[in-house]
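Below is one structure, written out as structure tokens; the observations come after it.
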Amino acid sequence: MTPRTEIADLIVIGAGPAGANAALAAHNAGLKVVLVDEAAQPGGQVWRAPITAKAKQSPVKDIDRKMGDALRQQLVSANIHILTDTQVWSADRQPEGFEVGTIGEAGTVFLRAPRLIAAPGAYERILPFPGWTIPGVFGLAAATALLKAEKTLPGRRIIVAGQGPLLIAVAAQAVALGLRPVAIVDAASRADWAKSLAGYARQPRQLARGMRWMAQLTRARVPYYRQHEVSSATGADSLAGVTLRSLKSGETRTIDVDTLFVGNGLTPADEVFRLLGADQEPCPISGTQRVVCDELGRCSVPGLYAAGDAAGIRGALPALHQGRIAGLAAAHDAGALSGAALSAALASSSRALTQLQPFADASCRLMRLSGQRVAAAPDDTIICRCEDVRAGDIRKAINQGAVDINQLKHFTRLGMGPCQGRICAVNAAEIIRQETGAAVNSTRLTPRGPIRPLETAQLIGEFGYSDIPIPKPAPL
Amino acid sequence: MSTETCDLAVIGGGVHGASVALFAARAGLRVTLFDADALCRAASGTNAGTLTMQMTRAALIPYAMEAHKMWTDASRWLGHDVGVVACEGLSLAFTEREEQILSDRATARGAAGAPIRLITPEETLKIEPNANPGIRMASHCAIDGYANAYLTGIAFRRALLEAGVTIREYTPVIGLEPTGQGYDLKLRDGKASARQIVLAGGVWLEPMMEMLGLRLAIKTLVNQLAVTERAAPLMRTVVCIASGLLSLKQFPHGTVVIGGGWQGTGDRDTNSHRATTESMIGNVRLAVHAIPRLRQTRIVRSWTGFESETADALPALGPIPGFEGAWICGAVHSGYTSAPYTAHCLTQAILGGEPDMPLFPIDRLLTAPLRDPQRSTH
Amino acid sequence: MHRKMAARELSIQVDGKTIGCEPGQSVASALLAQGIYRFRTSPNDHLPRGPFCMMGACQECAILIDGSIRRACQTEVAEGMRVCLKGASA
Ligand SMILES: Cc1cc2nc3c(=O)[nH]c(=O)nc-3n(C[C@H](O)[C@H](O)[C@H](O)COP(=O)(O)OP(=O)(O)OC[C@H]3O[C@@H](n4cnc5c(N)ncnc54)[C@H](O)[C@@H]3O)c2cc1C
Ligand SMILES: Cc1cc2nc3c(=O)[nH]c(=O)nc-3n(C[C@H](O)[C@H](O)[C@H](O)COP(=O)(O)OP(=O)(O)OC[C@H]3O[C@@H](n4cnc5c(N)ncnc54)[C@H](O)[C@@H]3O)c2cc1C
Ligand code: FES
């Protein structure tokens with residue numbers, strides 16, 4: 001059995017605000033589009049669909065839910081061809097365009113098209129501290145995913161910690177579920193928030209929601225530790241205590257909790273771009289690199305477009321417009337849309353993007369994680385969770401001559417486990433940079449497939465021995 | 001930048017170059033080792049690490065047998081761990097034709113000195129209970145095993161530093177000039193000089209030879225591998241198939257590396273290479289056919305590397321004709337296995353002695369010299 | 001408590017024990033709701049681990065589900081599903 005291949009005019013990876021709108025725009029312009037997402041329903045992170053009955057029936061319908069429902073409705077009405085529950089695991093350049101390997105219930109299916117829009121979103125960054133691997137410590141993004149899909153959060157005594165706007169969102173929604181956090185631990189100061197406020201003011205609806213959340217937290221008297229971070233967590237089989245540290249005075253205090261949600265911003269999911277060899281540039285926000293693209297989302301690889309968080313973190317609404325723009329650009333480049341029609345269609349989204357930029361910048365500023373904070377991890381802090389590689393192991397490897405991250409990987413197995421560096425590489429890179437002054441481009445792992453670990457059974461399907469194209473015997 | 005003349009400049013820090021540098025320094029030469037990248041980051045740090053006789057060319061078996069002894073005893077001469085595990089090896093036949101190939105090859109390799117014998121399916125399953133019970137025959141080699149190739153770089157780095165070798169990583173040699181007393185090496189930002197040189201550039205031996213105005217065709221194979229996440233114990237031997245296009249073993253930490261020479265795509269000139277999905281699916285299917293329980297694992301990564309091959313698939317190992325004090329070392333099939341011993345033999349020659357086993361001089365491979373030494377032939 | 005039980009329409013087997021869960025729930029969330037935080041141990045240092053990112057990236061929730069190693073946070077519960085709290089290398 002050879003795996004099935006589907007042919008289209010355009011492949012779109014990711015059905016979040018960016019990818020879904022890219023698919024809609026290109027489809028409406030007449031392209032044959034195939035949209036892929038590993039989630040059960042389109043919506044992406046922010047506009048994630050409710051899955052359980054409890055989440056579906058939730059009386060509170062916030063703006064994200066409304067936007068997501070509208071998007072899902074649009075996709076259904078437009079009859080967009082979507083493969084959900086389907087992971088993208090490979091991306092290759094072919095003479096006639098791109099080939100994307102997917103895996104889902106139907107096993108391996110290859111998609112081919114002359115054009116590809118990648119909008120796979122972002123990963124969460126988390127500042128490692130001793131104990132962050134103990135069960136009961138979760139990402140902040142984990143909390144939002146659970147809240148949106150299932151209207152639930154684990155835990156009895158919880159702390160919400162980190163930095164950026166998600167902090168308030170998660171804490172307030174926890175309160176609404178009757179799970180009042182024992183503490184909010186925020187790296188930002190009042191002044192940091194005040195600076196961001198100007199940007200938020202450009203988005204009155206979002207600002208109003210933020211203010212509502214703050215008011216809820218104040219009303220619930222949730223202790224709020226500003227300019228604090230989690231310095232360690234303890235517990236045997238699961239979390240028992242969390243120690244906070246003041247970023248100003250260094251003073252610490254320990255609180256008994258069973259659950260911690262912690263997150264320090266986002267970093268673009270850039271595997272597809274890097275696998276395809278698209279040019280990268282330093283990203284001032286994440287401190288790592290991001291894909292280079294023009295204002296229409298076109299990357300350095302002809303036919304490849306980037307949109308949404310994957311092209312640099314900006315938030316849901318900019319992602320929507322970036323997606324739409326990339327979809328229109330792809331339609332234009334495919335000859336389905338004239339230059340004049342493209343300019344006319346672009347105008348509204350381009351304007352919106354300009355308007356939204358201050359809001360995006362404000363969020364990004366709150367999420368910026370300084371390299372020094374990462375590199376200050378004590379020696380016993382696990383950096384690579386899959387392989388239990390600690391900060392001290394990394395420093396030792398650097399002393400033994402590892403100057404780039406691929407060498408570090410060989411010396412320590414960092415990044416060799418099933419997550420393939422998705423969680424640890426940004427942090428390990430900071431440690432290398434701080435210790436050696438290495439350039440950003442030498443602190444990236446070589447991109448290799450698969451983009452996600454593959455269940456072998458799903459990859460190979462059913463086959464007979466004669467189906468295997470065994471090459472000619474090697475010389476004797 | 002020092003322009004001091006060293007006794008020996010080794011150009012290329014793969015397992016061949018690093019071994020020659022180590023042995024020469026231990027013998028008292030002042031050695032500098034140059035690599036365009038970091039030590040053992042090309043084939044030597046990314047290969048499957050199989051130390052097997054069952055994929056080695058018959059003519060190389062005597063070298064591979066000696067090298068196998070060296071690898072299993074690496075703590076003594078290298079002084080650092082490359083994760084070598086010695087175990088038995090099995091090569092499986094699933095069809096009548098493969099049975100034929102297997103017995104032909106077992107006979108040839110046996111004659112060359114490898115302890116290989118043909119065994120029944122029952123015996124095979126006793127040795128490797130998770131092997132596919134549908135096999136028709138297997139060849140068994142008592143001398144087999146594997147190293148953990150990604151440890152090669154750090155192990156050699158430590159050994160080389162202890163031996164007093166000057167390591168110059170990220171320093172490609174971009175030109176070579178015979179001076180009468182030795183060679184000038186052109187670097188991106190300066191030069192170096194040496195009384196003798198060793199070219200050990202793997203697939204880049206061809207452009208290196210061009211620096212001397214010589215034409216030595218080196219075929220570039222793009223070998224592809226895949227690895228599973230750590231899994232519960234599944235197998236304990238090195239498993240191959242008759243055609244030689246599968247190599248399979250489970251490392252002590254649980255990952256299973258799947259290889260055997262399936263091809264990816266790549267370009268030597270830009271040093272870019274990538275796995276293909278067809279090879280990955282084919283190779284993994286073959287692996288699952290050999291060890292069906294692999295079906296329950298997950299594949300976490302695939303990668304590729306360049307393996308070099310001469311026109312007759314035998315090594316380029318010996319003096320460079322017409323260039324006093326210039327040597328070549330590489331293009332050895334299953335070269336990781338044999339490297340320490342072939343490098344040992346070459347070093348003996350460099351030091352003016354008689355090698356323990358014959359070299360593979362390259363006179364047979366050289367075509368007409370280039371007219372313009374610096375011109376590329378591509 | 002009683003009302004909660006009534007809403008549960010599915011059950012799965014976790015190391016032989018039956019637990020109730022809601023349709024649509026992920027396996028990870030179903031276990032967390034039971035207070036099960038520890039899913040597996042890390043293969044190197046044998047430290048306890050549980051779900052972490054809930055977005056399919058970190059692989060900390062990868063356990064044996066119906067005989068295959070799957071990410072519990074990305075796998076929807078199904079009636080009679082058999083979950084074994086062991087990672088790949090156990
Ligand atoms: C947990 C979380 C919460 C956030 N909350 C907010 C918020 O409240 N407000 C805000 O403005 N911004 C928020 N952000 C930022 C947010 O990600 C973006 O604003 C917005 O979702 C970006 O849209 P997108 O389409 O680029 O990516 P996403 O919405 O992340 O969509 C990407 C999609 O790609 C799919 N995908 C990724 N990789 C693959 C693959 N290999 N195979 C198949 N499918 C794949 C994913 O399943 C996902 O559905 C949040 C981010 C995260 C991670
Ligand atoms: C994927 C793969 C799997 C394999 N599996 C096995 C196996 O299981 N068992 C086995 O025995 N063999 C295996 N082999 C073969 C084995 O890896 C090689 O034969 C061996 O590593 C070659 O070593 P080398 O030192 O000759 O070359 P390399 O390791 O390629 O080293 C050449 C070095 O030269 C450097 N260089 C190039 N140009 C310059 C320059 N101008 N200046 C300075 N430095 C330069 C490069 O940076 C490189 O580090 C495999 C090969 C591959 C690619
Ligand atoms: S919790 Fe990270 S992959 Fe499931």
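The values are calculated or read from the model by the stated rules, or taken from the named source; none is laboratory data. No experiment lies behind these values; they were computed from the predicted model shown. With ideal geometry, Cβ positions are generated from the backbone for all residues, glycine too; neighbour counts draw on all protein chains shown. Heavy atoms of the whole protein, side chains included, go into the accessibility calculation; ligands, DNA and RNA do not. Shrake-Rupley method; radii C 1.70, N 1.55, O 1.52, S 1.80 Å.
Observations
- Percent antiparallel among DSSP beta bridges (both partners in the protein assembly as shown, rounded to 5): 65
- Gyration tensor (Cα) of chain A, equivalent ellipsoid semi-axes in angstrom: 35, 29, 22
- Residues A:Asp85 and B:Thr107, FRET efficiency given R0 of 56 Å [Cβ-Cβ distance, rounded to 0.05]: 0.60
- Carbon and sulfur %, accessible surface of the protein assembly as shown computed with the full protein complex present, 1.4 Å: 52
- Shape descriptor for region B:1-93: Rg over Rh equals 1.04 (Cα atoms; Rh from the Kirkwood inverse mean 1/r).
- Per residue of A:137-143, other chain Cβ atoms within 10 Å of the residue Cβ number 5 on average.
- Isotropically averaged projected area of region A:17-100, using the convex hull of Cα atoms (one quarter of hull area), nm²: 6.4
- Solvent-accessible area lost in complex, 30 Å² minimum, residues of region A:92-118 relative to chain alone, 1.4 Å: A:Asp92
- Placing a pseudo-label 7 Å from each Cα along the Cα-to-Cβ vector at B:Glu177 and A:Val301 gives an inter-label distance of 4.2 nm.
- Our Cα-only numbers for region A:76-137 put the radius of gyration and Dmax at 17.4, 50 Å.
- Per residue, the solvent-accessible area of the protein assembly as shown (1.4 Å probe, heavy atoms of protein chains only, all protein chains present) comes to 37 Å².
- DSSP beta bridges fully contained in chain A are about 50 percent antiparallel.
- Long-range Cα-Cα pairs in region A:221-346 (distance over 27 Å), rounded percent: 46
- Overall Cα dimensions of region C:10-84, principal axis frame, Å, largest first: 35, 25, 23
- For region B:161-199, the residues whose amide N sits under 11 Å from a probe point set 7 Å from the Cα of B:Glu4 along the beta carbon direction are B:166.
- For region A:127-263, the alpha-carbon coordinates run over 46, 38, 24 Å along the three principal axes, in decreasing order.
- Pairs of Cα atoms farther than 19 Å apart, region B:159-222, %: 40
- For the protein assembly as shown, the spread of Cα positions along each principal axis, largest first, Å: 88, 64, 63
- For the pair A and B, total buried accessible area rounded to nearest 100 Å², probe 1.4 Å: 4600
- Each DSSP beta bridge with both residues in region A:127-263 is either parallel or antiparallel, and the antiparallel ones are about 40%.
- Rg/Rh (Cα only; Kirkwood hydrodynamic radius) as it applies to region A:324-460: 1.16
- Per residue, the convex hull spanned by the Cα atoms of region A:371-436 amounts to 64 cubic angstrom.
- Taking every protein chain into account, the 1.4 Å probe leaves A:Arg395 with about 40 Å² of accessible area, to the nearest ten.
- Residue by residue along B:225-232, Cβ atoms of other protein chains within 10 Å of the local Cβ number 6 on average.
- Per residue of peptide A:411-422, the mean number of Cβ atoms on other chains within 10 Å of the residue Cβ is 6.
- The figure for A:Lys54 is an accessible area of roughly 100 square angstrom, using a 1.4 Å probe on the protein chains alone.
- Cross-link partners of A:Lys396 among lysines, defined as those whose alpha carbon lies under 22 angstrom from its own and excluding same-chain residues fewer than eight positions apart: A:Lys409.
- Two-decimal Rg/Rh across chain B, once Rg and the Kirkwood Rh are taken from alpha-carbon atoms: 0.98
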